[in-house]
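Chemist: Questions regarding the structure given below will be posed in turn.
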């Protein structure tokens, strides 16, 4: 598999297959939303778009980066979201980097959103598809975020080296990232003390997350990925 690792500003054309990585915290939060019962997540292009969707659909839950704000039900924190009951609900998500990256590759034939919490299922889906080329969109810090690069490279290795990739070094790299430090030190608002640990939980959830166009919306949904037929752990 030919893997490319690009920041959002480097995306000059739509890739065939894209994996959009935001470890801290957009796609860890998305995975938690599905674990808490959400049916789907609508990726909003702006805060105004998110609020407009909320007005049209009052039963939807709106989520954003930063501190709480009028019109939004939740903030972009897995530690704060894990106690929410989202059974059957639609979540509208707008974040600084993750949702921007996903919308930037919306023309791709397959768009996956990922973090460490769904790393193995994401790799397994890519293996099953057998794609020759995959573009990993490293959303944080214009493609330089250590936690996103570490996760992207780990998933890419898992696709091609099923049995021999140790996650420990990749997780250490993510734990030492600028984003982890800012969350730990309270620099980022709308955070919970457990956020970093939750973002570094490897393979917490048994699904991958796939973006599809449901005109005019881009919608993220969980997709179950069966384990290998022999039951072996890859």
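The values are calculated or read from the model by the stated rules, or taken from the named source; none is laboratory data. This one's a predicted model, so the numbers in the text were calculated from it and none came from an experiment. With ideal geometry, Cβ positions are generated from the backbone for all residues, glycine too; neighbour counts draw on all protein chains shown.
Chemist: I need every pair where a residue in region 208-234 that is farther than 18 Å from residue 39 by Cβ has its Cβ under 8 Å from the Cβ of a residue that is assigned to a strand (DSSP E or B) and modelled with pLDDT of 95 or more, sequence separation at least 6 or different chains.
Modeler: Filtered contacts from region 208-234: 225/207; 225/208.
Chemist: Quick one: residue 96 ticks every box in (1) surrounded by 19 or more Cβ atoms within 10 Å (Cβ to Cβ); (2) within 17 Å of the chain's Cα centre (by Cα) except a single one, so which number is it?
Modeler: It is condition (1) that residue 96 fails.
Chemist: Could you tell me how many of the residues in region 86-104 are part of a loop (DSSP other than H, G, I, E, B) and touching a strand residue (DSSP E or B) at 6+ places or on another chain (Cβ under 8 Å)?
Modeler: Number of matching residues: 3.
Chemist: Select from region 14-30 the residues that are surrounded by 15 or more Cβ atoms within 10 Å (Cβ to Cβ) and farther than 20 Å from residue 214 by Cβ and list them in ascending order.
Modeler: 15, 19, 21, 22, 23, 24, 25, 28, 29
Chemist: Shifting gears a bit: Of (1) more than 19 Å from the chain's Cα centre (by Cα); (2) buried (at least 19 other Cβ atoms within 10 Å of the Cβ), residue 55 satisfies all except one. Which?
Modeler: Only one criterion is unmet by residue 55, namely (2).
Chemist: Any residue at all in region 43-50 that's over 22 Å from residue 210 (Cβ atoms), part of a helix (DSSP H, G or I) and without any contact (Cβ under 8 Å) to a residue 12 or more places away in the chain?
Modeler: So far as region 43-50 goes, yes, one or more of its residues are over 22 Å from residue 210 (Cβ atoms), part of a helix (DSSP H, G or I) and without any contact (Cβ under 8 Å) to a residue 12 or more places away in the chain.
Chemist: Give 21, 17, 42, 29 a once-over and let me know the one that is at pLDDT 95 or above and more than 30 Å from residue 161 (Cβ to Cβ).
Modeler: Answer to the selection: 42.
Chemist: From the set of residues in region 61-85 that are touching a helix residue (DSSP H, G or I) at 6+ places or on another chain (Cβ under 6 Å) and in a loop (DSSP other than H, G, I, E, B), which is surrounded by the most Cβ atoms within 10 Å (Cβ to Cβ)?
Modeler: Only one residue tops the list, namely 76.
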